[in-house]
Every structure is written in C-alpha cells, then in structure tokens.
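Peer 1: If you scroll down you'll find the structure; I have some questions about it.
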C-alpha cells in the first residue's frame, strides 16, 4: 500500500495505517503529522518526509524506516520493534523506551535515552551515528546507548551532563575525550574494542547505512555506567 500524506491530519493518517490489511506501507509527503505508528505492531512503514513529534510512540513490534529527519520524542515509551532514521533526530529520542531498537544515521538532540529502562527481560538499544546533545542517558535505568561520532575528527561525541541521574544500563562513546561535566556518580572506563552485544548493534547500524563495521568496532571507546556507590541508585531501587 502507498499513501500520499499531503493534506492529511495525523489522526486520519494513523487511521488509514491501522485499517490497512497490508503488512508493508509506503508513506510519502509527510509534513509534520505527529504520532505516526503509535502502538503499531505487525507492520512495516517506509516514510519519506518530515514527521512531527512522537514518531513510533509506544511502538509494539512494528518496523519504521524514515528517509528524512525525525523530530522530538521519537520512540517514546517504545515496547518492541525497530526505528531506522536516515537523518537526524530531535530531543528526547527514545524517551522511557523499554524495548526495541532505534538506529540513527546522524545526530540526536538533548536528552536522548532519558528514563530508558530494561523491562521484563527486554533491553532497549539506541545507536547514534553522529553525536548526541547534552543530558544523554539522563536517569537511564537500563539498556544500551552507543554513540559512534562518525565523521568527527576528534573531541567529545556527547554534550554536557551525560548520564545525569543514571542508575542502570550502559553508554558507549567512540571517543577518547570524555563529555564535559560528567556527574560524579558515573563511572568511566576506556575500552579498546567493544563486547559482543555492542558489536552486534554496531554491525546492525552499519548494515542499515552502508558502512563497514571494521572501521568502528575495534576503536577505543568510553564506557559509562553507574558507579557502584551511586547515591542515585537508592532513589530508584531497593538497597
């Protein structure tokens, strides 16, 4: 099925997607429609244009591939599935996501992965090809965030206050330079290469955007994780 979304409201567009019997749907002419693919399962969406906020919110197993830039709150509270963005993504990408994977070719804005968590055996993941804005992984409680800094000659690949309030999960930064103003509660380790689970995520990202994994997986990374004596942890989990 192919839909030209030009002139459709977000509500009408989502009704058409939900009522379609086709597994694969191509959508062109998207200009600012919000909530595309909300809670969707069992379908594959291929989107061209500039969707509005909350693309793939509450996604429950569907696959969304966007050829363009995403706005704020992509993958908000995502349960399962996959979002692939051939462009950049805005603030709060992956907000409170608890399953599934998001792959971004370019950069993300502020607060990517905020409140990201593991949930009932699900471990979400976000792979960012470029750089991330400030407050990456804020209040992160689980899952994996990878920032590759693709095309950058040097310097930090994430902004200020990375991992503020972090009490679970991991952040992997392909850089020798730590982000500015790291909280005391975040432990930083320099690692040559990456473990198998992170390597798998990087290989998936490379396959989607036509890159060679060997150019990334063996490099030096900074691994960020909550400190064992993290005072934030007592605010969220039992001692």
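Peer 1: Which members of the range 177-198 meet the condition of being farther than 16 Å from residue 152 by Cβ and surrounded by 16 or more Cβ atoms within 10 Å (Cβ to Cβ)?
Peer 2: Kept after step one, since they are farther than 16 Å from residue 152 by Cβ, are these residues of the range 177-198: 181-198.
Across the range 177-198, the qualifying residues are 182, 183, 185, 186, 187, 188, 194, 198.
Peer 1: Same structure again: Being closer than 14 Å to residue 86 by Cα and buried (at least 17 other Cβ atoms within 10 Å of the Cβ) is the filter here; which residues of the range 35-47 pass it?
Peer 2: If the condition is that a residue be closer than 14 Å to residue 86 by Cα and buried (at least 17 other Cβ atoms within 10 Å of the Cβ), then 45, 47 are the ones that fit.
Peer 1: On to the next question. Given the criteria assigned to a strand (DSSP E or B), buried (at least 19 other Cβ atoms within 10 Å of the Cβ) and within 18 Å of the chain's Cα centre (by Cα), does residue 145 qualify? Explain how you work it out, then say what you get.
Peer 2: Values: assigned to a strand (DSSP E or B): yes; buried (at least 19 other Cβ atoms within 10 Å of the Cβ): yes; within 18 Å of the chain's Cα centre (by Cα): yes.
In short, yes.
Peer 1: Next up: Please note which strands (runs of 3 or more DSSP E) are completely contained in the range 2-113 and include at least 3 residues that are closer than 25 Å to residue 204 by Cα, in contact with a helix residue (DSSP H, G or I) (Cβ under 7 Å, 6 or more places away or on another chain) and in contact (Cβ under 8 Å) with a residue 40 or more places away in the chain.
Peer 2: Filter on the range 2-113 gives an empty set.
Peer 1: Oh, and also: Can you name every residue in the range 63-73 that is crowded, with 23+ Cβ neighbours inside 10 Å and in contact with a strand residue (DSSP E or B) (Cβ under 7 Å, 6 or more places away or on another chain)?
Peer 2: Passing the criteria: 64, 66, 70.
Peer 1: Just one of (1) without any contact (Cβ under 8 Å) to a residue 60 or more places away in the chain; (2) in contact with a helix residue (DSSP H, G or I) (Cβ under 7 Å, 6 or more places away or on another chain) trips up residue 202, so point out which.
Peer 2: That leaves (1) as the condition not met.
Peer 1: Take residue 137 and decide whether it is in contact (Cβ under 8 Å) with a residue 60 or more places away in the chain, assigned to a loop (DSSP other than H, G, I, E, B), under 24 Å from residue 203 (Cβ atoms) and touching a strand residue (DSSP E or B) at 6+ places or on another chain (Cβ under 8 Å).
Peer 2: Yes; evaluated as a whole, the condition is true for this residue.
Peer 1: Does the range 71-87 hold any residues that are at negative phi and over 11 Å from the mean Cα position of the chain (by Cα), and which are they?
Peer 2: If the condition is that a residue be at negative phi and over 11 Å from the mean Cα position of the chain (by Cα), then 71, 72, 79, 80, 86 are the ones that fit.
Peer 1: Just give me the residues in the range 199-224 being more than 23 Å from residue 159 (Cα to Cα) and either assigned to a helix (DSSP H, G or I) or in contact with a strand residue (DSSP E or B) (Cβ under 7 Å, 6 or more places away or on another chain) (or both), in sequence order.
Peer 2: 199, 200, 203, 204, 206, 207, 208, 209, 213, 214, 215
Any read-out appearing in this document is the output of simple, stated calculations on the displayed coordinates, not a laboratory observation. Nothing here was measured: the structure is a model prediction, and the numbers come from that model. We place every Cβ from the backbone using ideal geometry, glycine too, and count neighbours over all the protein chains shown.
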